[in-house]
1. Measuring from the lowest to the highest alpha carbon on each principal axis, how far does the chain reach, largest first, in angstroms?
2. Using a 1.4 Å probe on the protein chains only, how many percent of the accessible area of the chain belongs to carbon and sulfur?
3. Give me the distance in nm between label points sitting 7 Å out from Cα along the Cα-to-Cβ direction at Thr133 and Tyr159, one decimal.
4. Enter the angle in degrees (range 0 to 90, nearest 10) between the Cα long axis of helix 292-301 and the first principal axis of the Cα atoms of the chain, meaning the one along which they spread out most.
5. Enumerate the amide H contacts of Thr85 below 5 Å, restricted to partners 5 or more residues apart or on another chain; note that Pro and chain-start residues carry no placed amide H.
6. If the cut-off is 12 Å between C-alpha atoms, which aspartates and glutamates fall inside it for Lys290, apart from same-chain ones fewer than 8 positions away?
7. What accessible area per residue, rounded to a whole number of Å², is obtained for the stretch 96-250 using a probe radius of 1.4 Å?
8. Rounded to the nearest Å, what's the spacing between the alpha carbon centres of the stretch 1-56 and the stretch 161-190? Just the number, please.
Amino acid sequence: MTGLRVYSWFLLRRLGLAVLTLWGLASLVFLMVKLMPGDEAQMAAGADASAAQIEAVRERLGLDAPVIMQYLGFLGRILRGDFGTSNVTLQPVLSDLSVVLPSTFELVFFAMVINLTLAIPTGIVAAYRSGRTFDTICRIAAVTLGGMPAFWLALVLQYVLGSLWRVVPISGQASFGMAAPVVTGAPTLDAVVAGNGAAFIDALHHLILPAAVLAILFSTQIFRALRTGLLGVLKSDFIMAVRAKGASSSRMLVRHALPNSLNPVLTLSGTQAGAMIGSAVLVETVFARKGIGAYMFNAVAQKDTFAVLGSVMFIGAVVCIVNLLVDIAQLLVDPRIRSAQFGGSRA
């Protein structure tokens, strides 16, 4: 096969796998709806709805049809982007998500920046100085921090950095009177759009602590993966040959060892971006931020079924898309994966 056909076939297989995953998630969500106690039409119509209103909602949603027809209708609504209507806001769930998602994406973006900034340099130095004091301290810290629950770490940092030392705010997205006009829903980006430097600094100040909590929890995974991969490469015959040719330590590390150790980091970074959205549920709740995590928490607390299910489907779709992009990126940057995927084909 030619290179283009090989890549096209790989992409089609990955797209097919993503579609199957989303179909399985949608089926699981449908099953959850059917197993939840209570009348779906009653929950959709609201607690104060009359019997006639409930029956009208039941007919509109197709809940009076056989289960198999309800299932097909459920899949059809999802394909059209119809996740139902929130019982609390009385707005389409997709509309609610479009309001809260920019704040969550902002949090995840800054958390990923902190995550990689912490994990990659420490992983490189720890691997290069394996068995020494710095490496030992980093490994102990990684095990300790990696096992901490997100809400507990958030509360500890709130108390120490926010209450005792007062270096960062403990909650919210902006100080009173400092918020820029809402344009995108992401406070820092809204401040940039408004050209308000003070609002940008204030929004960033409020973002540091929740982003750091997410980053610390995930950076331990990248640190361990990079350190392990780099140690294996540094002990390989390939690096021994590079050393024998007289390459300096910095050149050997940056030009030869590091590029061959970044594949696990690339994989983890992609999957973590999706996982962070799910982890934002607790972090956003603790720090009183308006995002999909807080939206889901409130939906569960108020038994807003369609809001919960719509949020679950959206997060699942984001994870599938991110994993697909990671697979493509790995294929492009790692010749070993191209060889494993395509065998002897030229790509």
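The values are calculated or read from the model by the stated rules, or taken from the named source; none is laboratory data. Only a predicted model underlies this, so the values are computations on that prediction, with no experimental measurement involved. Because the Cβ atoms are built from the backbone with ideal geometry, glycine has one as well, and the counts that use them run over all protein chains shown. Ligands, DNA and RNA are excluded from the accessible area calculation, which covers all protein heavy atoms including side chains. Shrake-Rupley method; radii C 1.70, N 1.55, O 1.52, S 1.80 Å.
1. 85, 62, 39
2. Values: 12660 of 18470 Å².
The value for the chain is 69 percent carbon and sulfur by accessible area.
3. Using points 7 Å along Cα→Cβ, the separation is 3.0 nm.
4. 40
5. The list, which skips near neighbours in sequence, is Val93.
6. Candidates past the 8-residue exclusion: Asp96, Glu106.
7. Working: 7980 Å² over 155 residues.
About 52 Å² of surface per residue is accessible.
8. If we compute the Cα centre of each part, the gap is 35 Å.
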